[in-house]
Structure formats: structure tokens, C-alpha cells
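**Student:** One structure coming up, written as C-alpha cells, with questions to follow.
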Amino acid sequence: MVFSSYLFVYGFLPLALLAYYLLPRILRHLGLTVLSYAFYGWANPAFMVVMLASTVIDYLCGLTIAGQLNRTWREPVRSLERGGIRTRSQRLAVTISVISNLTLLGVFKYFNFATDNYNALVGWLGMPDASLDSVLRVVLPLGISFYTFQSMSYSIDVYRGHAVALRNPIDFACYVSMFPQLVAGPIIRFSEIQDQLLKRTHTLEKFARGAAFFCLGMTKKILLANPCGKIADTTFDAAAVLPLDAWYGVSAYSFQIYFDFSAYSDLAIGLGLMLGFVFPKNFDSPYKSASITEFWRRWHISLSTWLRDYLYKPLGGNRRGGRRTYVNLALVMLLGGLWHGAAWNFVIWGAFHGLLLAAERARGKRALFEWLPHSGRVAATFGLVLLSWVFFRAEDLPSSIAYLGSMFGVSGVSVAGGLAEGLAGASLDNGAALLGAVIYKPYYVLSFGLAAVVAFAAPQTWDWTRRLPLWKAALCLGLFWLSLALLTSQAYNPFIYFIF
Amino acid sequence: MTPITEREAQALKEAGHTDVSRAVSATMVTLFLATICAVPILQAVLSDTFGAADVVANVLPETARTARRDGLLAANRVLLGGIERFEEVLEEESLLRRWILPPTQRLLTDFLGVGNEQAYLGRGGWLFLRDDFDHVTGRGFLEPRRLRRERLAGSRAANPLPAILGLHRDLAARGIELVVMPTPVKPTVHPEFLAAAADSGLIHNPSFGDFLGRLEIAGVTVFDPSTVLAAAKARSGEPLYLRTDTHWTPRAVELVARELASILRDFIDSSHPQADRFVRRRAYVSSPGDLARMLEHRGAEETRASERIEVARVLTRQGRPWTPDRKAQVLLLGDSFTNIYSDAALGWGTGSGLAEQLSFELGQGVDRIAVNAGGSWSSRQALARGTAAETRADRLAGKRVVVYQFAARELSTGDWKVLEIRASAKP
């Protein structure tokens with residue numbers, strides 16, 4: 001189920017809020033869990049089994065780590081001593097948790113990638129008969145990358161003594177499955193929310209702030225991300241693109257992915273606030289960054305801090321000398337790229353960012369173009385990020401390279417590759433000329449311009465809604481109504497991060 | 001309680017405390033809840049259709065039955081199909097959508113210059129089908145990487161060549177010639193009405209030339225009407241496609257029928273043509289095009305106005321309407337490009353379609369199987385059924401040539417499953 005859908009806005013959401021507030025406090029987590037499973041199962045009922053399996057394993061591992069598996073319900077659960085010695089069973093439990101989550105992720109997310117690469121390899125070695133093309137294709141369960149990371153963080157936090165294990169399985173199932181952020185984050189670490197799971201407040205002020213977040217999230221998705229997505233889709237799906245259109249297309253994609261993803265985060269945070277939860281910030285105006293290091297402090301913060309705390313630091317972080325630090329940075333970004341999607345494109349995207357981060361680290365975290373004025377550094381950073389988005393958006397590696405070629409006017413304008421076909425030449429040029437008929441319509445140009453203004457000049461949602469005078473509340477609602485009106489004219493338009 | 005994390009503390013500080021008055025909070029929450037609750041309440045009170053409830057009532061027992069019969073995975077598929085249908089029906093029956101969409105679409109079309117997911121706005125009130133645009137500007141439909149992706153996705157057979165070559169083989173086994181006629185879509189012939197920057201030449205999908213070449217190498221006769229239409233356009237400059245419809249004009253149909261007839265004469269017995277078997281009678285029809293209807297709004301005058309066009313109705317010499325002739329030597333397999341001006345459901349009258357004009361040009365009857373939007377699959381399936389062993393009257397009996405017409409966009413979007421045509425007629 002998509003937040004920006006008729007069914008969610010006018011069906012699921014009113015029902016969920018009604019059920020949540022009508023239920024007695026003691027049953028609210030159970031109600032929220034049932035609603036969350038229904039929300040998740042709507043995409044594919046079979047996916048619920050995968051999430052349930054992950055939940056059960058991590059719940060039991062958590063209790064084992066905390067030494068509570070055979071204790072009675074009444075005995076208080078205590079946090080483990082930080083840095084203390086752990087028993088064999090505790091080490092085993094955390095290992096089982098991590099391996100089971102990584103196995104789930106590996107099988108569902110990387111099985112197809114592995115078979116595709118194997119097939120390419122045997123093809124290259126001249127052994128096409130050994131190909132596994134007929135082997136089954138695995139369907140990726142929605143949001144698996146997010147909830148496995150969340151679930152894993154629970155076991156690790158309990159093991160490290162950063163969090164107290166949950167005795168109540170309903171509370172834990174509620175944490176893993178919570179529908180506002182289940183499918184596309186933010187990745188909520190257990191330690192960031194455990195207190196709220198036990199006790200939180202529900203106030204009119206919180207609900208109003210949540211409604212404001214929700215209205216603005218919907219506005220970002222419908223008014224900015226989707227039209228920019230249309231421009232990007234038209235250029236990236238075309239056989240040929242003129243250089244200017246190619247730049248316009250990838251710029252539109254950079255706005256699409258930012259507003260799409262930050263819209264989801266705003267919607268999730270807004271829904272969380274309506275239910276009494278306060279989720280951490282996930283975006284902080286990333287395109288205003290003056291260096292790649294700063295960009296990663298502002299973009300998808302919940303992932304970058306997760307990778308920092310659960311991967312970069314355990315690898316040694318920056319404590320083992322310069323060279324090792326650069327290797328760690330590159331490795332974390334490489335794996336971060338692979339986390340986004342099982343394709344070489346994402347590996348290259350991650351490697352590109354990893355290299356840039358390592359290069360900036362070598363300069364004392366200063367931008368590579370330090371000599372430029374601040375606005376120049378922001379523009380240069382955006383330019384580098386823009387180039388990396390080509391790999392993120394293009395269908396595959398050859399398409400990425402061809403698209404970059406189109407941007408720089410290299411080797412004709414072919415995006416398709418292999419176009420030594422009869423009448424292709426003249427027809428392709430004309431096909432490229434046709435794109436302008438769609439992507440430069442006033443609606444798309446207006447949305448693109450607005451997106452640029454909001455991305456570079458507007459305050460982010462957290463700051464803007466901190467004070468909510470009447471005019472801001474009215475503006476939020478007005479934008480919400482406009483978004484809902486435009487929603488009727490848009491087809492099914494899922495969030496980009498649904499596929500990750 | 002454990003110490004709260006830095007991020008949680010920051011979040012609690014930033015989002016947990018909002019500077020908002022109680023009156024504004026109350027107003028905001030009330031209006032927000034009213035917005036999301038009013039729609040389902042009004043729908044329940046005012047609507048007299050309950051399709052979504054019917055879907056639920058049907059799907060749940062069906063899922064349970066399937067689970068018992070075929071197992072949980074099969075039941076999951078049924079349930080998933082039901083969920084999709086439920087959402088579709090919910091949106092179709094939505095009163096909000098019915099009230100809000102027309103003015104919203106009007107705003108988008110008249111002031112912001114865009115169509116919708118199905119129809120694109122061109123220049124001077126011309127409308128284009130999105131799938132046609134995507135086909136013409138998109139990647140080559142024979143590109144190996146694309147074909148492989150489609151094969152792995154498993155949703156459709158994307159490569160048209162095996163299906164067409166299979167049809168050619170099956171027909172050849174029965175001594176019947178196949179003439180393949182990929183019909184150009186509107187942006188191919190009239191790119192100038194879409195973008196000023198495009199010249200007025202033909203624009204094909206990048207794989208189109210390769211596709212024609214491979215058919216010719218395999219010995220398949222191909223008739224590409226785009227060359228005829230391009231020549232006619234260059235001669236007269238008159239539009240050969242309708243402004244607000246996906247399809248070609250009656251004039252284009254006549255031109256193509258004449259050229260097609262000249263090709264078919266090589267394959268059929270035309271020793272006794274009856275030049276006066278059919279007559280043409282000019283008439284006028286007017287209708288809003290299918291693309292204008294797809295825009296679902298009462299938009300700008302130039303896009304909503306009906307087009308009035310002259311058609312040439314084909315009648316028998318006795319003045320009776322033309323009908324398909326099962327005994328004809330020619331069978332025309334087609335889609336809506338065959339049916340336009342022939343199938344009343346398309347809104348442009350009857351008796352003037354491609355089969356009718358072909359009959360007129362040949363001076364003899366023509367048999368026809370035409371399925372709207374079914375060029376890649378449904379028309380071939382209908383032919384396969386018409387020649388199946390259990391069928392009494394073999395649809396190919398007495399045929400010398402089969403013309404296989406389909407919209408060129410089907411090469412990019414169609415399902416090209418290979419179908420078998422029965423080898424010989426029932427004894």
C-alpha cells in the first residue's frame with residue numbers, strides 16, 4: 001500500500017487512527033501490529049511470513065542475549081554491562097540474529113543478481129550450457145532492507161548493552177513492523193525508540209505537527225517528485241537524448257529521488273507523531289551541502305549513521321591509521337551502494353561516493369574544491385552527486401555509460417547502444433527531438449523550477465514546522481488539498497525506495 | 001530507562017515540542033481528519049455501487065477454496081489478484097474522483113499543457129497516445145538486453161519475430177501467403193504535430209529497420225504503409241491521422257488499401273475481378289476521438305470538439321452494407337486500425353474500414369478477424385481458434401493470403417506468444 005494512494009489516505013489511515021485511539025492503551029501495540037501486518041501484506045500476503053520469521057528469530061535472540069529466555073514474565077529485564085564479558089550463548093545468539101537477517105537479505109535481494117552474474121560469467125567463458133537462466137527468479141519482499149537492518153540493530157544494541165531486551169513479543173513485533181516507516185524507512189534503531197515503546201505522550205500539538213509533516217510529505221511526492229519523475233523517466237527510457245535534455249533529465253531525477261524519499265520520511269515521521277512516536281530526522285537539506293562528506297551527513301541520515309555505527313566503527317573506523325580509514329570508508333560506501341540494489345550500477349554509485357569521501361578525508365574532511373566560494377562548492381557538490389545519480393537511475397551499466405555519453409555529447413546521442421541498425425540514425429535524432437514535446441510542458445518546467453527552489457533555498461520540514469502559526473497551518477492544508485486533487489489525475493506511482 | 005540516544009534526544013527536542021497555539025492545533029487536526037474521513041463517509045452515503053464489497057465477497061471464498069485445492073502459494077496469487085482488483089474498483093467507483101478529476105484535468109491541460117498517463121498533448125490541439133510516443137522514442141524492441149529483461153520478468157513474450165515467423169511457417173504449410181503489415185503509429189507519420197523541433201520525416205523505433213530486414217530474410221512479405229503515407233503527406237500535406245484520435249484518417253485507409261491490393265494481386269486469383277461489385281458512397285461522421293475521451297475532462301475547446309470527417313462507405317452494387325466474406329481468398333487479421341470506420345464501438349461509423357476498402361480495391365470479398373487492441377495476440381488467437389480441430393468451419397479454407405495488420409506499437413508492448421495454426425483442414 002502506498003501512502004500517496006486513494007486507499008491509504010481515505011481508507012487505511014482513518015481506520016488506523018480510529019482503531020488506535022479507540023483501543024485501550026494496553027492493546028494499542030497489538031492493534032498497531034495487526035494494522036502494520038495488514039498494511040505490509042497488502043503488497044503481497046506471502047511477504048508477511050518473511051517478516052514474521054525475522055521478528056521471531058530476533059525476539060528470541062534478544063531474550064537469549066539478555067539472559068531472559070527462561071526467566072518468568074515478572075522478573076525485570078536489565079541492560080547488559082557495556083563492554084562487559086559475554087557468554088558463549090550470548091555470542092551465539094547475536095551471531096544467529098546477524099546471520100539470519102543477512103541470509104534473508106542475501107537470498108531475497110541478491111539471489112537474482114548472483115545468478116545473473118554467474119550466467120554472464122559462464123557465457124563469457126564459452127559455456128552457455130552451464131547457464132542458470134531457467135532457475136527461479138526470487139521476488140524481493142517490500143522493505144526487507146529496512147526491517148532486517150532494524151531488527152539486526154536490536155540484537156546488536158542489546159548485546160552491546162545499549163538497549164534493554166523486550167520481554168513482550170507484541171512490543172517487539174510492533175517495533176519491527178510499524179507501518180509508518182516499515183517499507184522505506186527511516187531506519188529506526190531500537191535504541192532510538194525503546195523508551196517510547198514503553199511510554200509516550202499523545203498530545204494535540206504532536207498530532208498537529210504530524211499532520212503538518214504528512215501534508216508537506218504528500219505535497220513533495222505529488223507536486224514535486226512525481227512530475228520530476230516524469231521528466232526523468234522520459235529521458236532515461238529514450239533510445240536517444242540530446243545533451244541538454246540529458247542534463248535536464250538527470251537533474252529532474254536528482255529532485256525526484258530527493259523529494260520522493262524525503263516525502264516518504266516526512267509522511268512516516270508525520271504518521272509516527274500522530275501515533276505518539278517521535279522518529280529521528282532522515283534528511284537535512286542535502287543539496288545545500290558544500291562537500292560530499294557534508295552531503296552524507298544530511299542525506300538518508302538513518303542509513304549513513306547505521307552504517308557508521310554497525311559497519312564502519314566495527315571495521316576499525318578511523319582508529320587504525322590513514323590508509324585503513326580510506327579502505328573502510330570505501331568499503332562501507334560500496335556495501336551501502338549494494339544495499340540500495342543488487343546491480344553493478346549501485347556498486348559503482350557506492351564506490352564513486354566512497355572514493356570522494358576518502359579523498360575528502362585525506363584533505364581533513366575539506367571539500368575537493370575548497371578554493372571555490374560557498375555557493376560554488378554547493379554547486380560543485382551537487383554536480384558530483386548529479387553524475388552519480390546517472391548510475392542510480394539507469395537500467396544497467398551500459399545504459400549509464402551511454403547516458404553519460406549523451407550528457408557530454410560523446411559518440412552520438414544513442415542511449416540504447418548497438419544501434420548499427422538500418423534506418424536508426426536519422427530516426428533516432430528525430431526521436432530525441434520528440435522528447436522535448438513532453439518534458440518541456442509548462443507543468444513539468446514549473447514543477448522542476450519549484451523543486452530546485454525548495455531543494456536549494458527552502459528550509460527543511462523540521463525547521464519549517466517548528467513554529468506553526470495559522471498561516472503555515474493553512475498553507476499546509478491548502479497544499480494537502482491541492483495534492484489530493486492532483487492525485488486523482490496520477491496513475492499508480494510508488495515511492496522509489498520501495499524497491500530497495 | 002536507558003539513556004536516550006543523541007538522535008532521539010535531538011528528535012524529541014525538535015519534533016516533540018512545537019510552537020503552536022491550541023486553537024491552531026485543534027483547527028488543523030479537525031480539518032485534517034475531516035478531509036480523510038469525509039471522503040469514505042460521503043462515498044458510503046451517496047454511492048449506489050458496491051463493486052469493492054463484491055470483490056471482497058468473491059475473493060475471500062475463492063482464496064479459501066484455492067488454498068484447499070492447490071495450496072497456499074496458489075491461494076496467495078488469488079488473494080493478490082483480488083487485492084489489485086479491489087483497489088481498481090475502489091478508484092473506479094470513487095465519487096471524489098468523479099467530481100475532482102474533470103476540473104483538475106482541465107487545469108492541467110488548459111493551463112499547464114499536459115495530458116494524462118494515457119494521452120499526451122501535441123501542438124495545435126493534436127493528441128497522442130502515450131504508448132505510441134514511448135514506442136517511437138524508446139529503446140529498440142529487439143535490443144537483446146531488453147528482450148532478456150522481459151524474458152526474466154516473465155510477464156509477456158516480448159520478441160515478435162518467433163510468433164510472426166511461426167505464423168508464416170504454419171500458413172506456408174497450408175499453401176497460404178502471409179503479408180505482414182505493421183501499421184505506423186501517429187508520431188511516426190506526424191511528429192511535427194508533437195514537437196516543432198522534429199522534422200516531418202518518418203520516425204520509427206530504432207529496431208524497426210532490423211525487424212523488417214529479418215522478416216524479409218526469412219522470406220516473409222512485408223508491407224510497410226509508412227512509405228505510402230509519407231509519400232501522400234509530402235504530396236498533399238494533408239494530415240493522415242485524426243487530430244484527437246489514435247487512428248488514421250479515412251483518406252489514409254483508402255490509400256493504404258489501394259497499395260495493399262496491388263501487392264495482394266500477386267497472390268490471389270484475380271482473373272475475374274468484379275470492378276463494379278462494390279461501390280463507394282461518401283458520407284460525413286463526427287466524433288470526439290478516443291484520445292480526447294481518455295483525457296476524461298471537458299477541456300479546451302480545441303481538444304474536446306468533435307472532428308467531422310468524410311468517409312467512403314463501401315456498399316454492394318445492390319446498396320447492401322459490406323459484410324466479411326468467409327469464402328474470400330484474402331483474410332485480414334487486424335486490430336483497431338482495421339476496425340476504425342467499421343466498428344461502431346470506435347465512434348466513427350461503419351462500412352468504411354480497411355477490409356471494406358480492400359474489398360473495393362480488389363473487386364472481391366475479404367474475410368476479416370479484427371480485435372481492438374489485440375494486434376499482437378488476440379487476432380492470432382481468434383484465427384487459431386477458427387482453425388482448431390474441433391471447429392467445424394476451418395477459417396482458412398479457401399484462403400490464398402492472410403494479411404496480418406497490427407499497430408507498430410505492439411512491437412514494443414504486445415504479447416507475442418507463439419501460437420500454432422492447425423496444419424490442415426478437417427477432412
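**Student:** So residue B:388 passes all but one of these: (1) outside any helix (DSSP H, G or I); (2) buried (at least 20 other Cβ atoms within 10 Å of the Cβ). Which condition number does it fail?
**Tutor:** Only one criterion in (1) outside any helix (DSSP H, G or I); (2) buried (at least 20 other Cβ atoms within 10 Å of the Cβ) is unmet by residue B:388, namely (2).
**Student:** Sort out which residues of region A:180-202 are crowded, with 24+ Cβ neighbours inside 10 Å and either more than 14 Å from chain B (Cβ to nearest Cβ) or acidic (Asp, Glu) (or both), and write them in order of number.
**Tutor:** Scanning region A:180-202 gives A:183, A:184, A:192.
**Student:** Between A:100, A:54, A:131, A:153, which is among the small types (Gly, Ala, Ser) and in contact with a Gly (Cβ under 8 Å, 6 or more places away or on another chain)? If you could, list the steps in order and put the result at the bottom.
**Tutor:** Numbers: A:100 fails: in contact with a Gly (Cβ under 8 Å, 6 or more places away or on another chain); A:54 fails: in contact with a Gly (Cβ under 8 Å, 6 or more places away or on another chain); A:153 fails: in contact with a Gly (Cβ under 8 Å, 6 or more places away or on another chain).
The conditions single out A:131.
**Student:** Taking the options A:17, A:7, name whichever one is at pLDDT below 95, part of a helix (DSSP H, G or I) and at negative phi.
**Tutor:** Values: A:17 fails: at pLDDT below 95.
Unique residue meeting the criteria: A:7.
**Student:** Something else: Residues to consider are B:195, B:218, B:234, B:230; find the one that is of a type in the set (Gly, Ala, Ser) and in contact (Cβ under 8 Å) with a residue 60 or more places away in the chain. It would help to see each step written out before you state the result.
**Tutor:** Details: B:218 fails: in contact (Cβ under 8 Å) with a residue 60 or more places away in the chain; B:234 fails: in contact (Cβ under 8 Å) with a residue 60 or more places away in the chain; B:230 fails: in contact (Cβ under 8 Å) with a residue 60 or more places away in the chain.
That would be B:195, the only listed residue that is of a type in the set (Gly, Ala, Ser) and in contact (Cβ under 8 Å) with a residue 60 or more places away in the chain.
**Student:** Those residues that are more than 10 Å from residue B:220 (Cβ to Cβ) and in contact with a helix residue (DSSP H, G or I) (Cβ under 8 Å, 6 or more places away or on another chain), I need them from region B:162-179; list them, please.
**Tutor:** Scanning region B:162-179 gives a single hit, B:163.
**Student:** Could you grab me the full set of residues in region B:37-88 that are within 25 Å of residue A:139 (Cβ to Cβ) and of a type in the set (Val, Ile, Thr)?
**Tutor:** B:55, B:56, B:59, B:63, B:66, B:78, B:83
**Student:** Related question: Quickly run through region B:67-87 and pick out the residues that are of a type in the set (Asp, Glu) and buried (at least 18 other Cβ atoms within 10 Å of the Cβ). Step through it out loud before you land on a result.
**Tutor:** The first filter runs over region B:67-87 and keeps only residues of a type in the set (Asp, Glu), leaving B:70, B:84, B:87.
Correct list: B:87 only.
**Student:** Look through B:255, B:229 and report the one residue that is over 22 Å from the mean Cα position of the chain (by Cα) and of a type outside the set (Ser, Thr, Tyr).
**Tutor:** Working: B:229 fails: over 22 Å from the mean Cα position of the chain (by Cα).
Unique residue meeting the criteria: B:255.
**Student:** Checking residue A:316 against (1) closer than 30 Å to residue A:396 by Cβ; (2) small (Gly, Ala, Ser); (3) part of a loop (DSSP other than H, G, I, E, B): exactly one of these is not met. Which one?
**Tutor:** (1)
**Student:** Just to be sure before I move on: is residue A:395 acidic (Asp, Glu) and not assigned by TED's automatic domain parsing to the domain that holds residue A:452 in the structure I sent? Outline the logic, then answer.
**Tutor:** Details: acidic (Asp, Glu): yes; not assigned by TED's automatic domain parsing to the domain that holds residue A:452: no.
No: the conditions fail for residue A:395.
**Student:** Please determine whether any residue of region A:406-421 is part of a helix (DSSP H, G or I) and at pLDDT 90 or above. Walk me through it before giving the result.
**Tutor:** In the first step, residues of region A:406-421 are kept if they are part of a helix (DSSP H, G or I); the result is A:406-407.
Subsequent filtering for residues that are at pLDDT 90 or above retains A:406-407.
Checked against the condition, which is being part of a helix (DSSP H, G or I) and at pLDDT 90 or above, region A:406-421 yields at least one hit.
**Student:** Among the residues of region A:169-178, is any of a type in the set (S, T, N, Q), in contact with a helix residue (DSSP H, G or I) (Cβ under 7 Å, 6 or more places away or on another chain), in a helix (DSSP H, G or I) and facing another protein chain (nearest Cβ under 9 Å)?
**Tutor:** no
**Student:** Tell me, yes or no, whether region A:144-161 has at least one residue that is more than 27 Å from residue A:194 (Cβ to Cβ), surrounded by 16 or more Cβ atoms within 10 Å (Cβ to Cβ), assigned by TED's automatic domain parsing to the domain that holds residue A:179 and not basic (Lys, Arg).
**Tutor:** No, every residue in region A:144-161 fails to be more than 27 Å from residue A:194 (Cβ to Cβ), surrounded by 16 or more Cβ atoms within 10 Å (Cβ to Cβ), assigned by TED's automatic domain parsing to the domain that holds residue A:179 and not basic (Lys, Arg).
**Student:** Can I ask one more? Surrounded by fewer than 24 Cβ atoms within 10 Å (Cβ to Cβ) and either away from every other protein chain (no Cβ under 14 Å) or part of a helix (DSSP H, G or I) (or both): which single residue out of A:225, A:290, A:246, A:268 fits that description?
**Tutor:** A:290
So that you can scan it fast, the table gives a plain yes or no per residue for (1) touching a residue at least 40 places away in the same chain (Cβ under 8 Å); (2) outside any helix (DSSP H, G or I); (3) over 22 Å from the mean Cα position of the chain (by Cα):
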| position | (1), (2), (3) |
| --- | --- |
| A:76 | no, yes, yes |
| A:102 | yes, no, no |
| A:111 | no, no, no |
| A:119 | no, no, yes |
| A:123 | no, no, yes |
| A:129 | no, no, yes |
| A:139 | yes, yes, no |
| A:142 | yes, yes, no |
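**Student:** Which of the residues that make up region B:88-112 are in contact with a helix residue (DSSP H, G or I) (Cβ under 6 Å, 6 or more places away or on another chain) and surrounded by fewer than 18 Cβ atoms within 10 Å (Cβ to Cβ)?
**Tutor:** Across region B:88-112, the qualifying residues are B:91, B:93, B:95, B:112.
**Student:** What's the total number of residues in region B:195-206 that are within 7 Å of chain A (Cβ to nearest Cβ) and touching a Lys or Arg at 6+ places or on another chain (Cβ under 8 Å)?
**Tutor:** The total comes to 2.
**Student:** When region B:138-183 is examined, which residues are found to be within 12 Å of another protein chain (Cβ to nearest Cβ), closer than 26 Å to residue B:202 by Cβ and in contact with an Asp or Glu (Cβ under 8 Å, 6 or more places away or on another chain)?
**Tutor:** B:138, B:139, B:140, B:142, B:145
**Student:** Could you grab me the full set of residues in region B:107-162 that are in a loop (DSSP other than H, G, I, E, B), more than 20 Å from the chain's Cα centre (by Cα), on the phi < 0 side of the Ramachandran plot and without any contact (Cβ under 8 Å) to a residue 24 or more places away in the chain?
**Tutor:** B:112, B:114
**Student:** Here is a list: A:388, A:447. Which entry is more than 30 Å from residue B:211 (Cβ to Cβ), modelled with pLDDT of 95 or more and more than 12 Å from chain B (Cβ to nearest Cβ)?
**Tutor:** Details: A:447 fails: more than 12 Å from chain B (Cβ to nearest Cβ).
Residue meeting the stated conditions: A:388.
The values are calculated or read from the model by the stated rules, or taken from the named source; none is laboratory data. Remember, predicted model here, so these are calculated numbers, not experimental data. We place every Cβ from the backbone using ideal geometry, glycine too, and count neighbours over all the protein chains shown.
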